[in-house]
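*Asks:* I'd like to ask you about the structure that follows.
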Ligand SMILES: NC(=O)c1ccc[n+]([C@@H]2O[C@H](COP(=O)([O-])OP(=O)(O)OC[C@H]3O[C@@H](n4cnc5c(N)ncnc54)[C@H](O)[C@@H]3O)[C@@H](O)[C@H]2O)c1
C-alpha cells in the first residue's frame, strides 16, 4: 500500500519504518529540514534500539522515503497518517495547532479518495474537528475518511511494540475505510495481535484512559512506598505480594521518583482538562498528578536530610533521560531535581549513556553542572551519588570502585536498582524509595 506519514518524530518514524518493513511503500514527511536531511543520509535523529538497522534496510529496498514536500507526499498516497506532536499548552490542555495544520494541508492537497489516520494522542472530539477543517479546505470535493488509530508504543521498545502490540485500536465510521485498515494491519493480525474497531470518540478516549490508568498504578505504588518507609516495611516485598494477584498484575508497580516522558504527564493533565470541559472532575487523576510531582522531589528531601547544606557539595548523577533506552528528556525527573540542587549551590557532575547531548542543550547556561562520557568519571570526590534513571549498566556497577572514587558514601537510589544489604555491606549509606534497610528484608526482595 502507498502510505504517507506526516511528522517523523518518535511515533512517525517508527510507524513509517515498521509499515515499510511490512512491505508497504512509505513516505515519511517532516517540516524539520535538518531531520529529513539526516534521515536521507541514514542518520537516525533519535535514539531507539533497532531503528537504525530497519531504516537503512527499508531505504535500501526503496520502500522508505523521506521528504519535506507536503503536497507531493499527500498527493501520492491513499493512506495519510498524522503523527505530529500534541504538547501541552500553558493551561495543560493538548495543544492542537500541529494537528489542525496537518488537517488543513490534507484538505488542501486532496486529489483523490484518501484516509486520514490520526496517530497523535488527541482529546475526544478532535477527529471530528479535523473532519470539519479538512472539509473547509477540500475545495475539489474529494471523498475522504477520518480514522483515529492511537499509538501505544513505548520509547526504548518501540519497534517491538509496533510489531507485537497488545492491541491495535481503530476508531472508524466508514465501512470502506475499515476494510482498508483491516488490510493494512492484516500482517500483524495474522501474527496473532488483536485488533478492535470502535467508534472514533471511544478510540480517542481509550488512549488517554490507558495512559491515565498506568500513571495511576505508578502513583499508587509510590504512595505505598512512602508509607512503607514510615512503617518500616519494604516496597519490593509489598509490590511483589500485590502484583502476584492476577487481577492486579506486577507491571507498573515499581516504586521510584515518579513518571516522566512525553506522554504520561501531559496526557494525564490533558485528560483532566478535557473531562472538566464535559463537567467531570476526575479527582483520582488530579491526585495521581500531584503525587507524581511530589515524588520527583523526594530524592532532594532525602539528600538534604543527610547533607543539609548543599553549597559546594559535589553531587554525582547517574541517569538523565526519563527512562532507560531512550534519549528523550521530556518531563524527566532530572529536569526537576538538577535545577533544585543547583539552586542550593551543589556542584553536579552527570552521566547518561545516551541523553547527554539533549541534556546539554537544556542546561546550556548552568556552570555548576558538568557532564562526563563515562559513568565513573562523575564519581571522583563526590559527596553523594543520585540514581535518576534505571539504565541496565548501573545495575551491575562495580560497587567497590564507586566507593573508592567517592569522597562521601551516600547513594540515593531513585529507581531501587540496588539491594540495600549489599550496599550497606559495601560501605555505603544507602537510601532507596520505600526500602527497608532491615536485614530480614533481603531474602524476599532479591526474589523479584
Ligand atoms: N513518544 C511516544 O512515546 C508516544 C507514544 C504514543 C503516542 N504518542 C503521541 O504521538 C504524537 C507524536 O509524538 P512524538 O513523540 O512522535 O512527537 P515528536 O515531537 O517526536 O514528533 C513530531 C514531529 O512532527 C513534525 N511536524 C510538526 N508539524 C508538522 C507538519 N505540519 N508537517 C510535517 N511534520 C510536522 C515535527 O517536526 C516533529 O518531527 C503525540 O500526540 C504523542 O502524544 C507518543
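*Asks:* Where does helix 175-190 land angle-wise versus the long Cα axis of the chain, in degrees 0 to 90, nearest 10?
*Replies:* 50
*Asks:* Further question: R0 = 30 Å: FRET efficiency of residue 182 with residue 100, Cβ-based, nearest 0.05? Intermediate values should be presented prior to the final figure.
*Replies:* Details: r = 29 Å, r/R0 = 0.95.
Efficiency, rounded to the nearest 0.05: 0.60.
*Asks:* What is the gain in length, in nm to one decimal, between residue 201 and residue 354 on full extension, counting 0.36 nm per residue of separation less the C-alpha to C-alpha distance?
*Replies:* Numbers: separation 153, 0.36 × 153 = 55.08 nm, distance 3.77 nm.
Computed gain between residue 201 and residue 354 is 51.3 nm.
*Asks:* I need the per residue convex hull volume for region 128-271, using only the alpha carbons, in cubic angstrom as a whole number. Don't skip to the answer; put the middle values down first.
*Replies:* Numbers: hull volume 20.6 nm³, N = 144.
Enclosed volume per residue, from the Cα hull, is 143 Å³.
*Asks:* Still on this structure, I have one more. Obtain the nm distance between the two label points defined at residue 157 and residue 381 by a simple spin-label model: each point lies 7 Å from its Cα along the Cα-to-C-beta direction.
*Replies:* 4.2
*Asks:* Continuing with this model, one more query. I need the P(r) histogram for region 202-294: all alpha carbon pairs, bin width 5 Å from 0 out to the longest distance, whole percents.
*Replies:* For region 202-294, the binned pair fractions read 3, 14, 23, 22, 18, 12, 7, 3, 1 percent.
*Asks:* Fewest first, what order do 17, 198 take by the number of other Cβ atoms within 10 Å? Walk me through the numbers before you get to the answer.
*Replies:* Working: 17 32, 198 16.
Taking fewest neighbouring Cβ atoms as first place, the list is 198, 17.
*Asks:* Step by step: find N for region 324-440, compute 2.2 N^0.38 Å, then divide the Cα radius of gyration by it. What's the final number?
*Replies:* Working: Rg = 14.2 Å, N = 117, 2.2 N^0.38 = 13.4 Å.
The value comes to 1.06.
*Asks:* Of 27, 284, 307, 235, how do they rank once you tally other Cβ atoms within 10 Å and put the fewest first?
*Replies:* Numbers: 27 23, 284 14, 307 17, 235 28.
Ordered by Cβ neighbours within 10 Å, fewest first: 284, 307, 27, 235.
*Asks:* Further question: Taking only the alpha-carbon atoms of the chain, what semi-axes of the equivalent ellipsoid follow from 5 times the gyration tensor eigenvalues under a square root, in whole Å, largest first?
*Replies:* Details: eigenvalues 366, 114, 81 Å².
Equivalent-ellipsoid dimensions as semi-axes: 43, 24, 20 Å.
*Asks:* Label points 7 Å out from Cα along the Cβ direction at residue 32 and residue 368: separation in nm?
*Replies:* So the label points at residue 32 and residue 368 sit 3.2 nm apart.
*Asks:* A follow-up question, please. Take the Cα atoms of region 42-145, find their three principal axes, and give me the spread along each one in whole Å, biggest first.
*Replies:* 40, 38, 19
*Asks:* Gain in length, residue 190 to residue 284, computed as 0.36 nm per residue apart minus the alpha-carbon separation, to one decimal in nm? Don't skip to the end; give the middle numbers.
*Replies:* Working: separation 94, 0.36 × 94 = 33.84 nm, distance 3.83 nm.
The residue 190-residue 284 span can extend by a further 30.0 nm.
*Asks:* On to the next question. If I fit a long axis through the Cα atoms of helix 283-296 and take the longest principal axis of the Cα atoms of the chain, what angle between them do I get, 0 to 90°, rounded to 10?
*Replies:* Relative to the chain, helix 283-296 is tipped by roughly 50 degrees.
*Asks:* Please give the per residue volume of the convex hull enclosing the alpha carbon atoms of region 332-399, rounded to a whole number of Å³. Walk me through the numbers on the way to the answer.
*Replies:* On the way: hull volume 6.3 nm³, N = 68.
It comes to 92 Å³ per residue, whole-number rounded.
*Asks:* Take every DSSP beta bridge with both residues inside the chain and express the antiparallel ones as a percent of the total, to the nearest 5.
*Replies:* Values: 2 of 47 bridges.
That works out to approximately 5 percent antiparallel.
*Asks:* Still on this structure, I have one more. To the nearest 500 deg cm²/dmol, what mean residue ellipticity at 222 nm is calculated for the chain from DSSP H runs of n ≥ 4 alone, each contributing -39,500 (n - 2.57), summed and divided by the residues? Provide the component values of the computation, followed by the final result.
*Replies:* On the way: 19 runs with 199 residues, N = 448.
After summing the helix terms and dividing by residue count, I get -13000 deg cm²/dmol.
*Asks:* By how many degrees, 0 to 90 and rounded to 10, does the Cα axis of helix 97-108 deviate from the longest principal axis of the chain?
*Replies:* Helix 97-108 sits roughly 20 degrees off the main axis of the chain.
*Asks:* Which value, in Å to one decimal place, does the Kirkwood hydrodynamic radius take for region 213-445 when every pair of different Cα atoms is included?
*Replies:* Values: mean 1/r = 0.0547 Å⁻¹.
Hydrodynamic radius (Kirkwood, Cα pairs) of region 213-445 is 18.3 Å.
Values quoted throughout were computed directly from the atomic coordinates according to the rules given, and no laboratory measurement underlies them. Since this is a predicted model, take the numbers as computed values, not measurements. Please note: Cβ atoms are built from the backbone with ideal geometry, for glycine as well, and neighbour counts cover all protein chains shown.
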